[in-house]
Amino acid sequence: MSARPDAGVSRDLLYHLKRIRRVELEIARRYPEGAMRCPVHLSVGQEAVAAAVAVTLRREDLAVSGHRAHAHYLGKGGDLTAMIAEIYGKATGCSGGKGGSMHLIDEAAGFMGSTAIVGGTIPVGVGLALGMKQTGTDQISCIFLGDGAIEAGVFYESLNFAVLKRLPVLFVCENNLYSVYTPLAKRQPAGRCIADVAAAIGARTASGDGNDVEQVWSLMTDAVAALRAGSGPWFLELATYRWLEHCGPFYDNDIGYRSEAEFRAWQARDPVACHQARLIERGVIDAAMVARLDADIDGEVAQAFAAAEAAPFPEPGAAFTDLYAGP
Amino acid sequence: MSARPDAGVSRDLLYHLKRIRRVELEIARRYPEGAMRCPVHLSVGQEAVAAAVAVTLRREDLAVSGHRAHAHYLGKGGDLTAMIAEIYGKATGCSGGKGGSMHLIDEAAGFMGSTAIVGGTIPVGVGLALGMKQTGTDQISCIFLGDGAIEAGVFYESLNFAVLKRLPVLFVCENNLYSVYTPLAKRQPAGRCIADVAAAIGARTASGDGNDVEQVWSLMTDAVAALRAGSGPWFLELATYRWLEHCGPFYDNDIGYRSEAEFRAWQARDPVACHQARLIERGVIDAAMVARLDADIDGEVAQAFAAAEAAPFPEPGAAFTDLYAGP
Amino acid sequence: MAQLTFAAAINDALRIALTIDPRVICYGLGTDDPKGVFGTTAGLQAQFGAERVFDMPTAENAMTGIGVGAALYGLRPVLTHQRLDFALLSLDQIVNNAAKWHFMFGGRRAVPLTIRMIMGRGWGQGPTHSQNLQAWFAHIPGLKVVMPATAGDAKGLLLSAIFDDNPVIFLEHRWLHNLKGEVAEGDVRVPLGRAQRLRRGDAITIVAMSTMTAEALHAVDFLADHGVAADLIDLRSIRPLDWDMIAASVKRTGRLLVLDTGSLTGSVAGEIVAGIAERGWNDLQAAPRRLAVPDFPEATSPALTRTYHVRAEQIVDAVAAMLQRPIDSAPLAARRTHPHDVPGAWFTGPF
Amino acid sequence: MAQLTFAAAINDALRIALTIDPRVICYGLGTDDPKGVFGTTAGLQAQFGAERVFDMPTAENAMTGIGVGAALYGLRPVLTHQRLDFALLSLDQIVNNAAKWHFMFGGRRAVPLTIRMIMGRGWGQGPTHSQNLQAWFAHIPGLKVVMPATAGDAKGLLLSAIFDDNPVIFLEHRWLHNLKGEVAEGDVRVPLGRAQRLRRGDAITIVAMSTMTAEALHAVDFLADHGVAADLIDLRSIRPLDWDMIAASVKRTGRLLVLDTGSLTGSVAGEIVAGIAERGWNDLQAAPRRLAVPDFPEATSPALTRTYHVRAEQIVDAVAAMLQRPIDSAPLAARRTHPHDVPGAWFTGPF
Ligand SMILES: Cc1ncc(C[n+]2csc(CCOP(=O)(O)OP(=O)(O)O)c2C)c(N)n1
Ligand SMILES: Cc1ncc(C[n+]2csc(CCOP(=O)(O)OP(=O)(O)O)c2C)c(N)n1
Ligand SMILES: [Mg+2]
Ligand SMILES: [Mg+2]
């Protein structure tokens, strides 16, 4: 296993953690205004995985994701302003307003698309890797998926093919214990470990604490190195927890599908706060640097929202464009 | 593991082996006449699995299968004459001529249906088991499937649910190394064992020589006992080999997808001949008994074909009935 | 008769079905969660137990085949998809197994499986949470397809679907869930295959389903105020289709306008226009017409859905054009007070 | 121009595509096996290597999504299904991803994926090896759909499909594989979205596709011998549809008969009849008509398929009825020498 990240990387990780958190909280804060008129699945509490991606994958690597993709998009280097504009349904949105929160894309950053059908982009990510292999690049295709997507047959079919062809695919599974309001126990056999299933299908696997960004970084760094060396598919299972409701801006521990105690236990292991505390302890950052970082991020996020809100809506006629490519 | 079957059971096994072989060879012999006008996937060489089912499952247990289902239908106790008539497209066929070789049913025997979409009946078998669990019977649902069906996502989804709910499902996988003309190596990762994948998903598993009917019997007897005791799903992987072409009556080792040598090696382990030789050696049967058995089976098969050929075709109007059940 | 919402009516139907027949089971993602599939399954697990009412893995294809198997065993499963779009994963089981089983096994056994599919719209549901594919299901021999427009029909059709011996696709529009209507108490069924005339008139026949019926009611009442009496037929069942009622109406009115919640090309509306053009040719006095969703997916931005769906005023405009009578539909449009991308003030997203 | 079979023409198109563009890949069950998908992929792996031409696991859904991903990467994948019926497992990827990607991401990237689906008939193909679901694909915004009827079009449309930037469903009828026709050499393309007039006449417009075009040719030539000159339009593309050619023809003939290889209810034929009834109302002089497969699956027994498919003599009968001219079609039926459940003597089963 790779050693701890150096000071520079660990500071970058903190930046990405904080930035993703800030963006998601700002969406949550403003969502009730009713101007973001599309479903939003926020990643508050799950930032570590995306933050680790931000410093381990290269820009030319490609990634796909699902419904809960804001963090992944940002982690892969997607344009913040274009994402916020997309959620506001603006013409300047990354998908021109056609896709919304559930359909993000930033090809310049290698973020090839996120979609709203659970499991739907898994084979797409494998297909991207097939393209890489055909053309002999050393890119990696990163597929973000949840513990729910594991239940979809397409996951199994896709992984089988990826292993068969030794494709450069990194499966990054955020196991946050729930699919909507349904705990794992109602969906998957008790005691069965997701990574073990992936291993039996043929992937190399590693599991870890998805709230510890340095641990995630370490697992991911090793997997990426192996992938570039031609190892074939890797599957990382990262344990984490979503703080807010499945879809929308509110806390919902009161509605009965999970306990406040469980939530608090996870909140105590806040990936952002823990990493920040660790870096302060290590002397890698100090309070002033944190304040500066926060201020920078606040500024960037405020600007993105301001730009999104100021941006024009698409012309009504744009609803009837882009159906087919080409002449 | 259960001991060797007693003399009576081992004789029954021989009967079923020979009967299935005889039926399949007769279909092959007469197919070129052009009167059986539907695709037929024959099980010559793979009789042991179905023969073992014949003596281990009860009539009230249920079974489903796929495209290569003749042996399974017969093993589960399906009506021979109705099957041959179905293949001839006759009104007396088990599906009234609507289904043909790929769509067999004999509910009286607990054979609930075979269909032509690879993997298509796997969830159906699990659903039957769900019904059993709801109603609290001690029935078992037996799902016949091939090594190709393992690749279908629905296998994985179905097994996950069966394990989750601890359903009484017996997966019987005949691994005959090929899916049509495609060897395993082009479809599944090298060195990966199918039963191990099933085990990782959560089934109890056992693997064995699918050409050795007593070994199959033994594995199946244990699995069935465990299932009736509430073990939850079992998955048996049984190695075997198809002698004839994937679909149709001919040998096709000449066309290049497999070697004559491979075929001969498997033929040397003919499940019928080997079991017969063993029983003679053990003194459980003698040549005269074999001759009698053969003659009985010949007679039964001849009669089934004669009845099928003599049977009327369905009225043309029957093409336009049975779409909906009920008034 | 009680006043119930459409969602409560579905809940009522499920409760009655589960009560009167121990073979009924009810499952699907979220069936037993705190939201209870928009309230439609609320309380059912508490009342009937986790063996009969349960959640499932995200495995739409297998869970449909499992429903087929359970139905073959003798149960009457009701499977719910929170969006029709997710059910695209299960079409093999629906079409190759459920729809064909009775036929391809010579009538030996039927598949009494009901599949509820909820169809979204507005509030950024976007391309993959808003499809209305009734035309697909209606094209498949062996399936029955229903699309209730009122709370009473939601209950009555669902009960009929559950107790029908065949696979029934129950297409339930999210925008109707909060709509209130008279709902008869007890096991009251609405027969499959029969449409209902909601307004009577001789000027034109308007055929609609689901949310289009709601829009058409506004339009027809507005037209009536302007001296145009339209026959409004709510299909209720898409397959079997009540050709008799439509044909009889067209015989009387000579004019046909068909509304559809799906994309125009290949729509159910097209089938109806074609069928009447063939068999009602002599009755038609003018070109028939369809109003449906344009041949594009629904985009996410509210700015892009303003003109996407057929609204009452467009129906008025179409009728006016077909009858060559100038009627100003603007006052009708002006009556709507809530934003165009929600069914009413009650809907605050996200789904 | 060479005389090639339809299957050889497809093989030729694939070979040309693989030759002229290194981005083209070709995969599907059996692609490299000794039968080479009825000969259509024969020799391709030997020529272009196993990286570009390969077999696959029986995993239709993932393999379609993998095609989408490969297309997004910049490849031009051609995926083949030996039967359309198997592709029902992959509709989520086709409809929710391939068809919508370009639209839902605001035109950022297209999916140049071609999916060949072979449709069976006769010789006991039965309910699950014989479906013709062009109406489904044609209903989905974002897909293109083609159905060649001749060897030349098979080649030219496949080349156009592969080099089109959008997902194209290429529907290929098994009964046409042995049909010979003139096939131009080299990279000659037939444009998507344009129909072709195969016979010219003023008495009636007949619109057909795939095997129905073959039947219609027999019928139209027979009708010509009986003094009835029909306009025969072979659609070639189902979406986009060449409305202009159909409408112009109906304007001339005043009569419309549409043939379809799919089930009647919800058929493409219905869409065409509806579309012409709407926009060509003033041109139509009589009720339009459809001939299609009945609303049942295809049964297996040869005794049950004798009257299932539309044959030339029924087309003649329909035209005669529409024109109110008695024509005896029996001689036409009598010309057929091979059994009704095979396309010709060349077909000896099983698939
Ligand atoms: C095929 C399909 N089925 C159901 C849904 C509804 N759905 C949306 S998100 C979700 C939960 C998925 O859980 P998981 O993969 O663990 O992701 P998480 O939400 O926990 O991040 C479900 C079931 C869907 N979008 N697609
Ligand atoms: C979904 C689907 N894909 C492809 C096919 C074509 N097909 C028919 S049988 C078969 C082989 C299946 O192999 P296996 O499960 O090993 O069974 P075997 O033929 O060896 O008994 C295939 C691919 C099909 N019928 N259904
Ligand atoms: Mg989760
Ligand atoms: Mg096999």
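The values are calculated or read from the model by the stated rules, or taken from the named source; none is laboratory data. Computed from a predicted model, the values in this text were never measured in an experiment. Methodologically, a virtual Cβ is constructed for each residue, glycine included, from the backbone with ideal geometry; neighbour enumeration extends over all protein chains shown.
Table for the structure above
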quantity	calculated
Residue tally, condition part of a loop (DSSP other than H, G, I, E, B) and either at pLDDT below 95 or more than 8 Å from every other protein chain (Cβ to nearest Cβ) (or both), over segment D:159-172	1
Residue that is closer than 22 Å to D:LEU89 by Cβ, within 16 Å of ligand 3 (Cβ to nearest atom) and assigned by TED's automatic domain parsing to the domain that holds C:ARG109, where the choices are C:THR64, C:THR58	C:THR58
Number of the exception - A:ALA28 against (1) touching a strand residue (DSSP E or B) at 6+ places or on another chain (Cβ under 9 Å); (2) within 29 Å of C:SER301 (Cβ to Cβ)	(1)
Residues that are within 16 Å of ligand 4 (Cβ to nearest atom), facing chain C (nearest Cβ under 9 Å) and either assigned to a helix (DSSP H, G or I) or closer than 18 Å to C:GLY74 by Cα (or both), drawn from segment B:91-150	B:THR121, B:ILE122
Segment D:12-42: number of residues that are within 24 Å of the chain's Cα centre (by Cα) and either crowded, with 22+ Cβ neighbours inside 10 Å or free of Cβ contacts under 8 Å to residues at least 60 places away in the same chain (or both)	21
Subset of segment A:161-179 that is away from chain B (no Cβ under 14 Å) and away from ligand 1 (no atom under 16 Å from the Cβ) - its residue that is farthest from the chain's Cα centre (by Cα)	A:PRO168
Set D:GLY107, D:GLY156: member being on the phi > 0 side of the Ramachandran plot, outside any strand (DSSP E or B) and not β-branched (Val, Ile, Thr)	D:GLY107
Leading residue by the ranking (farthest from ligand 2 (Cβ to nearest atom)) among those in segment B:123-136 that are more than 13 Å from B:LEU170 (Cβ to Cβ) and without any contact (Cβ under 8 Å) to a residue 60 or more places away in the chain	B:GLY136
Residue match in segment A:182-205 (condition: more than 16 Å from ligand 2 (Cβ to nearest atom), away from chain B (no Cβ under 14 Å) and more than 24 Å from D:GLU60 (Cβ to Cβ))	no
Count of segment B:77-90 residues which are in contact with a Leu (Cβ under 7 Å, 6 or more places away or on another chain) and outside any helix (DSSP H, G or I)	1
Residues satisfying the stated conditions in segment B:1-60, i.e. of a type in the set (Gly, Ala, Ser), away from chain D (no Cβ under 14 Å) and not in a helix (DSSP H, G or I)	B:SER2, B:ALA3, B:SER43, B:GLY45
Complete set of residues in segment D:305-350 that are closer than 22 Å to B:VAL40 by Cα and either in contact with a Phe, Trp or Tyr (Cβ under 8 Å, 6 or more places away or on another chain) or more than 11 Å from every other protein chain (Cβ to nearest Cβ) (or both)	D:HIS338, D:ASP341, D:VAL342, D:PRO343, D:GLY344, D:ALA345, D:TRP346, D:PHE347, D:GLY349, D:PRO350
Selection from segment D:208-227 of residues that are outside any helix (DSSP H, G or I) and in contact (Cβ under 8 Å) with a residue 40 or more places away in the chain	D:ALA208, D:MET209, D:HIS226
Residue list for segment A:206-242, restricted to those being within 14 Å of chain B (Cβ to nearest Cβ) and free of Cβ contacts under 8 Å to residues at least 12 places away in the same chain	none
Conditions (1) crowded, with 24+ Cβ neighbours inside 10 Å; (2) free of Cβ contacts under 8 Å to residues at least 60 places away in the same chain: number failed by A:GLY77	(1)
Residue in segment D:259-278 that is within 9 Å of another protein chain (Cβ to nearest Cβ), within 30 Å of C:LEU256 (Cα to Cα), assigned to a strand (DSSP E or B) and hydroxyl-bearing (Ser, Thr, Tyr) present	yes
